[in-house]
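Chemist: Below is the structure I would like to discuss, written out as structure tokens.
A short reminder: the numbers here are calculations on the coordinates, not readings from a lab. Just so it is clear, the model here is predicted, and its values are computed rather than measured. Counting neighbours? That spans all protein chains shown, and the Cβs are built from the backbone with ideal geometry, glycine included.
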Amino acid sequence: MSFPDIVGDIAARAPDLRGRLSANAPLAPYTWFRVGGPAQVLFSPADEEDLAHFLARLAPDIPVTTIGLCSNLIVRDGGVPGVVVRLGGKAFGEIATLPDHRLRGGAAVPDMKLARAAADAGIDGLAFFCGIPGSIGGALRMNAGAHGGETTDVLVEAGGVDRAGHIRVFTRADMGFSYRHSDAPDDVVFTSAVFQGRPGDPAEIAAEMKRITAAREQSQPIRERTGGSTFANPRPHSAWKVIDAAGCRGLVVGDAQVSPMHCNFLINRGAATAGDIEGLGEEVRRRVREHSGIELRWEIRRIGLSA
Ligand SMILES: Cc1cc2nc3c(=O)[nH]c(=O)nc-3n(C[C@H](O)[C@H](O)[C@H](O)COP(=O)(O)OP(=O)(O)OC[C@H]3O[C@@H](n4cnc5c(N)ncnc54)[C@H](O)[C@@H]3O)c2cc1C
């Protein structure tokens, strides 16, 4: 599968671009599932101004999709048309400690690194991030949370760039957070965030992070090729319970399997395609609907075209 190469046209419209553009760039290696087709164009901006310059000059009919660490994402086998933005490097990967127990982090910073930086600085309240294998950008979009904490509890403001190339700032209220969701406009690429913690003892925070890590190792298939929680909990039920009750634990489609350890995790046993994984998810939804009448909603984001 490959797309027409439009890199030359894009570069011609934005001659001062400093970031990297690649045509038909494989995305599977970036994803936790290790599946999926290429990006028609992969863009790695040099910094926020470069991203804004790029988006302002990109033809409006070219779709833009942002990826983070792809820990909650299925990239479909036919790849992603248009431009995929992936932030990386120093401009988006640094953390700064601010006065009043605050931290600023670039959107490409892994959540775990943010948690560790907070602990080292004696800033409590961000330890829950240590168990989430995504980036700050993904946490902002997904209102990532665990162990009693959520992004919404600690966010002061987020920076980003919209599709027209305007640099914008979103307060916590602007983010419109709800369970694993933000109402911030879909076209915004988040570039940074400021978090508020409270004074804490580094040794106690480190001990809490150790407890969180141990609890995860026991309950989630964190060493597998997975995408985290597949479906949102259908309140007041738990997704894993209704999936288990419908007899789906260990269910297999192609080389994709419902994790025998945690029923709300799908895993790639090695040779699964994105089609196998998505097909397995749809089969789980069908069986749960038939068994209990509950409609499961995908929490994992699915992007791109089917093969
Ligand atoms: C083993 C495992 C355990 C997990 N446990 C948890 C958990 O306990 N709690 C939890 O909340 N999640 C959990 N997850 C899911 C996942 O880690 C989170 O949803 C995380 O926030 C996704 O971040 P990411 O950088 O990987 O985003 P991606 O998966 O790359 O993308 C997810 C969404 O965020 C968007 N996005 C990413 N970066 C940006 C950006 N810079 N600007 C705008 N949009 C962006 C994407 O477009 C997409 O819509 C788990 C996943 C795994 C694999």
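Chemist: Counting other beta carbons within 10 Å of each residue's own, what order do Ser238, Ser2, Ser135 fall into, fewest first?
Modeler: So the ranking, lowest neighbour count to highest, is Ser2, Ser238, Ser135.
Chemist: Would you kindly calculate the translational diffusion coefficient of the range 93-219, applying Stokes-Einstein with the Kirkwood radius from alpha carbon pairs, for 25 °C and a viscosity of 0.890 mPa s, and quote it in µm² s⁻¹ without decimals?
Modeler: So the translational diffusion coefficient is about 169 µm²/s.
Chemist: Can you give the charge dipole size of the range 63-147 about its Cα centre, rounded to the nearest 20 debye, using +1 on the beta carbon of Lys and Arg and -1 on the beta carbon of Asp and Glu?
Modeler: Dipole of the range 63-147, to the nearest 20 debye: 200 debye.
Chemist: Could I ask something else about it? Calculate, axis by axis, the spread of Cα positions in the chain along the three principal axes, and write the results as whole Å, longest axis first.
Modeler: For the chain, the Cα spread along each principal axis is 56, 53, 30 Å.
Chemist: Right, something else. Can you work out the base-10 log of I(q)/I(0) for the range 7-90 at q = 0.14, 0.15, 0.16, 0.21 1/Å, using the Debye formula on its C-alpha atoms alone?
Modeler: Normalising to I(0) and taking log10 leaves -0.45, -0.51, -0.58, -0.96.
Chemist: Considering the dipole of the chain built from charges on the beta carbon (Lys and Arg +1, Asp and Glu -1) around the Cα centre, which of Ala206, Ala246, Val85 is farthest to its positive end?
Modeler: Result: Ala246, furthest along the dipole toward the positive end.
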